[in-house]
Amino acid sequence: LAILSKVPVIPCAQWGAQEILPAYSKKIKLFPRTKVTVVAGKPLDFSKWYGKENDPVALEEATAFVMQAITNLLEDIRGEKAPAEVFDPKKSALPRIGNFKKENK
């Protein structure tokens with residue numbers, strides 16, 4: 001959409017909400033109070049991919065570009081470096097849908 005519409009994308013990241021509502025949980029944990037941090041980065045320029053909206057390689061590059069910007073914001077929030085290898089769900093043995101944590105118990 002960013003490539004087609006030629007508008008900048010503002011990357012946003014948040015950390016802390018997973019403590020309030022853990023993954024696959026139905027119970028909200030309001031106490032003790034939890035700090036949730038939300039930050040927005042500088043607008044990203046996708047001009048190098050304009051006109052390439054039908055090129056799968058260009059779309060993967062643009063996706064990696066925005067995901068790296070989000071990762072950088074998360075590194076700042078968390079105060080730690082991200083793993084060297086980026087997680088690729090296509091190469092993962094995890095199931096595509098459902099609660100994979102429940103299946104491992």
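The values are calculated or read from the model by the stated rules, or taken from the named source; none is laboratory data. All values reported here derive from a predicted model rather than from experimental measurement. Cβ atoms come from the backbone with ideal geometry, glycine included; neighbour counts cover every protein chain shown. Accessible surface areas use protein heavy atoms only, side chains included; no ligands, DNA or RNA. Shrake-Rupley method; radii C 1.70, N 1.55, O 1.52, S 1.80 Å.
Provide the per residue accessible area, probe 1.4 Å, for the chain, rounded to a whole number of square angstrom.
83 Å²
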> For the chain, with the dipole built from +1 on Lys and Arg beta-carbon atoms and -1 on Asp and Glu ones, taken about the Cα centre, which of 79, 49, 2 lies farthest toward the positive end?
Replying inline: 79
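Compute the relative contact order of the chain as a whole-number percentage, counting only Cα pairs closer than 8 Å that sit 6 or more residues apart in sequence.
Relative contact order comes out at 30 percent.
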> How much accessible surface does residue 19 have with a 1.4 Å probe, in Å² rounded to 10?
Replying inline: 90 Å²
> Label residue 39 and residue 14 with points 7 Å out from Cα along Cα→Cβ: what is the distance between them in nm?
Replying inline: 1.6 nm
>> Using the crude model of +1 on Lys and Arg Cβ and -1 on Asp and Glu Cβ, and no other charge, please compute the dipole size for the chain relative to its Cα centre, in debye to 20.
In response: 700 debye
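At a 1.4 Å probe, what is the % contribution of carbon and sulfur to the accessible area of segment 8-83?
Values: 3440 of 5790 Å².
Its accessible area is 59 percent carbon and sulfur atoms.
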> For segment 25-78, what is the convex hull (Cα atoms) projected area averaged across all directions, in square nanometres?
Replying inline: 6.2 nm²
> Radius of gyration and Dmax for the chain's Cα atoms, expressed in Å?
Replying inline: 17.2, 50
